[in-house]
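Asks: Sharing a structure with you now.
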Amino acid sequence: MATGWIRARAPATIANLGPGFDVFALAIRGLADEVAVRPAEHDSLRVQGVDAADLPSTFSSNTAGIVIEALRAATGITQSLEVRVTKGIPSGRGLGSSAASCAAAALVFLRAFPKSRDLGIAGVVRAAVEGEAAVSGRHYDNLAAALLGGFVTLGSSEPVLVSRIPVNPRIALAIAIPRFVLRTADMRGILPSVVPLRDAVSNVGHAAILALALARGDSALAGRCLEDRFAEPVRAPSLPGYAEARSASQRAAAPGFALCGSGSSVFAFAPDRTVAGDLAEAMCDGFRSAGQAASPFVTSVDNRVPIAGLFPALGRRFYVLGGRGPAVGALGRPSRISPIEA
């Protein structure tokens, strides 16, 4: 590898999107983490930027270091590295902070060591999820969106099956980001182990239409399909100001409202940035009325494909299959990505 710094960035993400628990995620513009590496005699890691003082700063405990170690184990590469993690995404707010560090670490490793691309995308995803597993559980939604961009749908994790499409740019996102932190691991711990049949059917139906609405650019229909009958009802009581923010979004005529991942941030879809700005302010006012400070954030889906420059066969619509047989691209033709044996 080169002797100087090599860098990679990965975007913030929103997972679940209401009914799509552990299945749906969006990459969003405006917030990102960066990981830089250079060769060294011994491994070391430093964290700087947003919430840096609250994050692990040793190689073996930080998500970026864990991912690099997993990639070295998968590839046989043994080069020691100096790692610098620059956080641009606040942690514990449901915006994929840990996943972005994992994805940026994977991307920079692929750039530094081109031979590692022989793993294929599915192999990279399997290694990178080790960082997520260390802090919040072995789930792939945020990570896949941070690596692939756009709107991702996880079909399965064994084998890895993930679909990626761009989202119509007409859709804007209104987000309210409270100051208080919620740990994903804690929020997963309160989930029910059994879901009533009619609630499961409702989530499947809403999720199916939500995916179609995002592709078409119909923010009103997408908003109406954010209803979740599984995770959000049991998580909401743990979020001070959630009920007030929801009510405020309804008064501002938002067609729907949902948690960003497991919280604490919330979001709504909007037809343009002006409407999104009004909705974000309204949701923040709801949090403030409950004594919780919150900041508005207006953005859109990041349709760029962060990993595309490293796997140039990829287009804007594709899926990744890590199992027996070839990985298949968007048009149904075998891609040039090497298959991964499950």
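The values are calculated or read from the model by the stated rules, or taken from the named source; none is laboratory data. From a predicted model like this one, the values you see are computed outputs, not experimental measurements. Remember, those area values only see protein heavy atoms, side chains included, never the ligands or the DNA or RNA. Shrake-Rupley method; radii C 1.70, N 1.55, O 1.52, S 1.80 Å.
Asks: Restricting things to alpha carbons, tell me how big the stretch 169-302 is in terms of Rg and Dmax, in Å.
Replies: For the stretch 169-302, the Cα-based Rg and Dmax read 14.5, 41 Å.
Asks: Over all directions, the average projected area of the alpha-carbon convex hull for the stretch 1-159 comes to how many nm²? Mind dumping the intermediate values first?
Replies: On the way: hull surface 34.1 nm².
For the Cα atoms of the stretch 1-159, the hull's average projected area reads 8.5 nm².
Asks: While we're on this one: Over the stretch 162-224, what lengths in whole Å, largest first, do the semi-axes of the equivalent ellipsoid take, defined as the square roots of 5 times the eigenvalues of the alpha-carbon gyration tensor? Could the numbers behind the result be given before it?
Replies: Numbers: eigenvalues 127, 83, 26 Å².
Result for the stretch 162-224: semi-axes of 25, 20, 11 Å.
Asks: Between the alpha-carbon centers of the stretch 219-292 and the stretch 1-41, tell me the distance in whole angstrom.
Replies: Cα centres, the stretch 219-292 to the stretch 1-41: 25 Å.
Asks: May I pose another question? Give the distance, in whole Å, between the Cα centre of the stretch 72-93 and the Cα centre of the stretch 152-218.
Replies: If you average the Cα positions of each part, the centres end up 27 Å apart.
Asks: Over the chain, average the accessible area per residue using a 1.4 Å probe and give it in Å², no decimals. Don't skip to the answer; put the middle values down first.
Replies: Values: 13760 Å² over 342 residues.
In whole numbers, the chain has 40 Å² accessible per residue.
Asks: Taking just the alpha carbons, could you work out the radius of gyration and Dmax for the stretch 112-167, both in angstroms?
Replies: Radius of gyration, then largest Cα-Cα span, for the stretch 112-167: 11.5, 32 Å.
Asks: Which semi-axis lengths, in whole Å and largest first, follow from the square roots of five times the eigenvalues of the Cα gyration tensor of the stretch 125-232? Intermediate results must be reported in sequence, preceding the final value.
Replies: On the way: eigenvalues 104, 74, 56 Å².
After scaling each eigenvalue by five and taking roots: 23, 19, 17 Å.
Asks: Any chance you could tell me what percent of the C-alpha pair distances in the stretch 1-78 go past 15 Å? Show your work: numbers first, answer last.
Replies: Numbers: 2077 of 3003 pairs.
When every Cα pair of the stretch 1-78 is considered, 69 percent fall beyond 15 Å.
Asks: Sticking with this structure for a sec: Once the convex hull of the alpha carbons of the chain is built, what does its volume come to per residue, in cubic angstrom? Write out the running numbers ahead of the final one.
Replies: Numbers: hull volume 41.9 nm³, N = 342.
Looking at the chain, the number lands at 123 Å³ per residue.
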